[in-house]
Amino acid sequence: MHALNKNRPLRRVVLASAATVSGMVMLLALKPHTAPTVITGSAAPAPSASASASPGASSGSGGSSGSGKSGSGSTGTRTVTGDTVQTRWGPVQVRVTIKNGRITDVTAVQYPTENPRDQQINSYAVPQLRSEALAAQSASIDTVSGATYTSEGYQQSLQSALDSAGL
């Protein structure tokens, strides 16, 4: 006899209900998005990331980076790289240039670029975040619509750089 015999409609109802309940349990078991996490300086990968970022800073900035190294205290120019923040779509890291206690430049050292969609989103999000940070002179900046994870990682890395700089 067949398991779904027409003479036993209750069996079909029970099997259909069990399949529906199983599907709902599997759907509800999916994990929600996780918040970005910060990689601190005590972790092993962070020193190598900051070590590789430092030569890029000196070669990318040219002569102004040399004067930044000689400045001390709140006067002069200095460049500080923030923590690497792991987001759902990839790492985000920011480098800040401070001159006489004011933020003069913000550069995204790392941000998600693995696929064309990441590149499209971040091609408009990163410049907006930069201009927001320069206008606000702090990490209290608005999130860019459509780039929430990048924005949150940018804010966290920017805040860690400002904390390191003593601002």
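Lys99 sits among other residues whose Cβ lies under 10 Å from its own Cβ, and their net charge, with Lys and Arg +1 and Asp and Glu -1, is +1. In this entry, the range 81-167 is assigned a mean projected area of 4.7 nm², taken as a quarter of its C-alpha convex hull surface. Summing Lys and Arg as +1 and Asp and Glu as -1 over all other residues whose Cβ lies under 14 Å from the Cβ of Trp89 gives a net charge of -1. Remark: accessible surface ordering of Leu28, Leu134 (largest first) is Leu28, Leu134, probe radius 1.4 Å. Using the Cβ of Ala125 as centre and a radius below 14 Å, the other residues enclosed give a net charge of -2, where K and R count +1 and D and E count -1. With a 1.4 Å probe rolled over the protein heavy atoms of all chains, the accessible area of Asp118, Asp142, Asp83 falls in the order Asp142, Asp83, Asp118, largest first. Rolling a 1.4 Å probe over the heavy atoms of the protein chains gives the range 80-167 an accessible area of 48 Å² per residue. On the range 100-162, 44 percent of the accessible area sits on carbon and sulfur atoms, based on a 1.4 Å probe.
The values are calculated or read from the model by the stated rules, or taken from the named source; none is laboratory data. Note that the structure is predicted; figures quoted are calculated from it, not measured. Glycine also receives a Cβ, built like all others from the backbone with ideal geometry; neighbour counts cover every protein chain displayed. In case anyone asks, the SASA skips ligands and DNA or RNA and just uses the protein heavy atoms, side chains included. Shrake-Rupley method; radii C 1.70, N 1.55, O 1.52, S 1.80 Å.
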